[in-house]
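K.L.:
One structure, pasted below without further comment.
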Amino acid sequence: FLTAEDACGGTMRGSSGIISSPNFPNEYHNNADCTWTIVAEPGDTISLIFTDFQMEEKYDYLEVEGSEPPTIWLSGMNIPPPVISNKNWLRLHFVTDSNHRFRGFSAHYQG
């Protein structure tokens, strides 16, 4: 089960901002399940630029929807290339398993 401190995610509006995993730059929680939706003005696209990325390969991951390809699955220790939306939204889904915790990720977005 999740306690209140594990709650994470939400809808991000505005032309720019930062999204990072829970507890960043400290280790994220086990069994996290977070969804953020970034919404820009209609007609705008969003670029998501990762500044830090460190998670357990294969078992902990960040899934990004709303770009090309439609779903991007990110894991491991390398900073991913920027993600550009093809509409005015991007959805980020962060999932971790029950062991091995790392720093997680931080990214900034701009519309």
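K.L.:
Looking only at region 62-111, filter to residues that are in contact with a Gly (Cβ under 7 Å, 6 or more places away or on another chain) and among the basic types (Lys, Arg); which one of those is farthest from Thr37 (Cα to Cα)?
P.N.:
Of everything passing the filter in region 62-111, Lys87 is farthest from Thr37 (Cα to Cα).
K.L.:
To continue, here is another question. Would you check which residues across region 28-79 are charged (D, E, K, R) and open to solvent by 30 Å² or more (accessible area, probe 1.4 Å) and list them?
P.N.:
Residues satisfying the conditions are Asp33, Glu41, Asp44, Asp52, Glu57, Lys58, Glu63, Glu65, Glu68.
K.L.:
Scan Asn31, Asn23 and give me the residue that is within 14 Å of Arg103 (Cβ to Cβ) and either touching a residue at least 60 places away in the same chain (Cβ under 8 Å) or hydroxyl-bearing (Ser, Thr, Tyr) (or both).
P.N.:
Asn23
K.L.:
Six or more apart or on different chains, Cβ atoms under 6 Å: show the pairs whose first residue is in region 1-17 and within 16 Å of Ser47 (Cβ to Cβ) and whose second is open to solvent by 90 Å² or more (accessible area, probe 1.4 Å) and at pLDDT 90 or above.
P.N.:
none
K.L.:
Exactly one condition in (1) modelled with pLDDT of 95 or more; (2) on the phi < 0 side of the Ramachandran plot; (3) out of contact with any Gly (no Cβ under 8 Å at 6 or more places or on another chain) is false for His29; which is it?
P.N.:
Of everything listed in (1) modelled with pLDDT of 95 or more; (2) on the phi < 0 side of the Ramachandran plot; (3) out of contact with any Gly (no Cβ under 8 Å at 6 or more places or on another chain), His29 misses just condition (1).
K.L.:
Kindly list, by first and then second residue, each pair from a residue in region 66-87 that is over 20 Å from Asp44 (Cα atoms) to a residue that is of a type in the set (Lys, Arg), limited to pairs with Cβ atoms under 9 Å and residues at least 6 apart or on different chains.
P.N.:
Cβ pairs passing all conditions: Ser75/Lys58; Gly76/Lys58.
K.L.:
Can you find a residue in region 80-96 that is surrounded by 16 or more Cβ atoms within 10 Å (Cβ to Cβ), touching an Asp or Glu at 6+ places or on another chain (Cβ under 6 Å) and among the polar types (S, T, N, Q)?
P.N.:
Looking for residues that are surrounded by 16 or more Cβ atoms within 10 Å (Cβ to Cβ), touching an Asp or Glu at 6+ places or on another chain (Cβ under 6 Å) and among the polar types (S, T, N, Q), one finds at least one in region 80-96, hence yes.
The values are calculated or read from the model by the stated rules, or taken from the named source; none is laboratory data. These numbers come from a predicted model, not from an experiment. No Cβ is skipped: glycine too gets one built from the backbone with ideal geometry, and neighbour counts run over all protein chains shown. Keep in mind that these areas ignore ligands, DNA and RNA; they rest on the heavy atoms of the full protein, side chains included. Shrake-Rupley method; radii C 1.70, N 1.55, O 1.52, S 1.80 Å.
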